[in-house]
Amino acid sequence: DGANALAHYQIHWQSIDLVILDMNMPTMSGPETFAAIRRINPKAKVLIMSGYSKDGAVAELLQQGAVGFLPKPFRTEMIAQQVDRVLRGGVDRG
């Protein structure tokens, strides 16, 4: 859930290269968790996934600095490509 993810990030943020967040999580939503992570590390690389379209809240997070979007459902190859792209310095603001 978002609160547990944030607690982990607060302790280990310097060793985390990429965060993958779902838009809908228990305790804290994806957007809430994204904002809290960016307060800890404004340069955090955050990839958003959702079963919803890229419009609305997803588009807003991309404008706020999320590095990409994974629409659910996705295949293993798709997430591997996105992770590789992000870790090599690519950004998809869509």
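The values are calculated or read from the model by the stated rules, or taken from the named source; none is laboratory data. Just so you know, these numbers come straight off a predicted model, no measurement behind them. Note that each Cβ is placed from the backbone with ideal geometry, even for glycine, and that neighbours are counted across all protein chains shown. The accessibility values were calculated without ligands, DNA or RNA, using every heavy atom of the protein model including side chains. Shrake-Rupley method; radii C 1.70, N 1.55, O 1.52, S 1.80 Å.
Quick notes on this structure:
- The charge dipole of segment 8-64, taken about its Cα centre with unit charges on the Cβ of Lys, Arg, Asp and Glu (plus for the first two, minus for the last two), comes to roughly 200 debye.
- The helix-only estimate of mean residue ellipticity at 222 nm for the chain, built from DSSP H runs of length n ≥ 4 each weighted as -39500 (n - 2.57), is -13000 deg cm²/dmol after division by the residue total.
- Additional length obtainable on full extension of the chain from PHE74 to ASN4, 0.36 nm per residue less Cα span: 22.8 nm
- Highest average first, the peptides 5-16, 26-37 ordered by how many other beta carbon atoms sit within 10 Å of their residues are 26-37, 5-16.
- Modelled FRET efficiency - R0 30 Å, THR27 with GLN63, Cβ distances, 0.05 increments: 0.75
- Take 44-50, 79-85 and order them by the average number of nearby Cβ atoms within 10 Å per residue, most first; the result is 44-50, 79-85.
- Here the alpha carbons of the chain define both size measures, Rg and Dmax, at 12.3, 32 Å.
- Probe 1.4 Å, protein heavy atoms only - accessible area per residue of the chain in square angstrom: 59 Å²
- Surface share of carbon and sulfur [accessible, 1.4 angstrom probe, percent] for the chain: 52 percent
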